[in-house]
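Remarks on the structure that follows.
The values are calculated or read from the model by the stated rules, or taken from the named source; none is laboratory data. Not measured: the values here are computed from a predicted model. Quick reminder, even Gly has a Cβ in these numbers, built from the backbone with ideal geometry, and neighbours come from all protein chains shown. The accessibility values were calculated without ligands, DNA or RNA, using every heavy atom of the protein model including side chains. Shrake-Rupley method; radii C 1.70, N 1.55, O 1.52, S 1.80 Å.
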Amino acid sequence: MENTEENTPQEEMVNEAAQAESAEAQEAAVNDTESAAAEPHASTQELDRLKALAEENEKRYLRAQADFDNFRRRTQKEKEDLAKYASVKLITELVPVIDNFERAIATAPANTETDSFAKGVGMIFRQLESVLQAEGLTAMQTVGEAFNPEFHQAIMQVESEEHEEGVVVEEVQKGYMLKDKVLRPAMVKVSM
């Protein structure tokens with residue numbers, strides 16, 4: 001059965017509006033399809049950009065963490081060294097006092113009237129030595145050792161039949177070590 005009725009002008013307007021809406025809907029569907037096709041390409045680029053940014057941020061984080069760890073280790077070592085060698089200045093100033101004590105004891109007259117005085121000075125000297133040894137001060141043993149410029153300061157070369165060339169034959173001034181560091185090199189005479 002065919003519909004032969006004529007549409008009223010109002011129905012025709014409604015039909016035209018429906019057809020226009022249908023055309024717009026079809027056009028929108030085509031646009032959505034085109035943008036959906038373009039969207040995976042855009043989202044892939046965005047995803048790649050975000051991945052690169054994440055990798056860069058991770059590298060920055062790892063570098064900052066490594067820098068911090070290095071800073072922490074360096075600071076800890078500096079603290080340990082400071083604590084280990086805190087007494088360097090005082091001990092450096094006391095080393096000449098030790099030298100003078102040794103000279104005084106070596107030149108003490110050998111008579112009975114001053115023996116008790118010399119014994120007292122010797123006891124004070126040994127007490128001072130033991131305190132400094134507790135802090136890590138040790139005298140270097142040099143005579144008979146091979147000359148080493150890190151530990152010895154050569155002031156003279158002498159001929160020697162007892163020692164071969166480059167051996168310390170006489171100590172003019174004692175050298176001292178503070179723990180594992182040279183506090184004062186020994187002044188020595190070296191064989192040639």
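Want the number for F71 to T112: 0.36 nm per residue separation, take away the alpha-carbon distance, what's left?
8.4 nm
Please report, in whole Å, how far the alpha carbons of region 81-192 spread along each principal axis, starting with the longest.
Principal extents (Cα only, largest first): 45, 45, 16 Å.
Express the carbon and sulfur contribution to the solvent-accessible surface of region 132-192 as a percent, rounded to the nearest whole number, probe 1.4 angstrom.
About 45 percent, which is the carbon plus sulfur part of the accessible surface.
Rounded, prolate or oblate, given the Cα gyration tensor of region 131-192, with a/c below 1.5 counting as rounded?
Prolate is the answer for region 131-192, as a/c is 1.5 or above and a/b outweighs b/c.
Charges at C-beta only: +1 for Lys and Arg, -1 for Asp and Glu. How large is the resulting dipole of region 35-192 about its Cα centre, in Debye rounded to 20?
That gives region 35-192 a dipole magnitude of about 820 debye.
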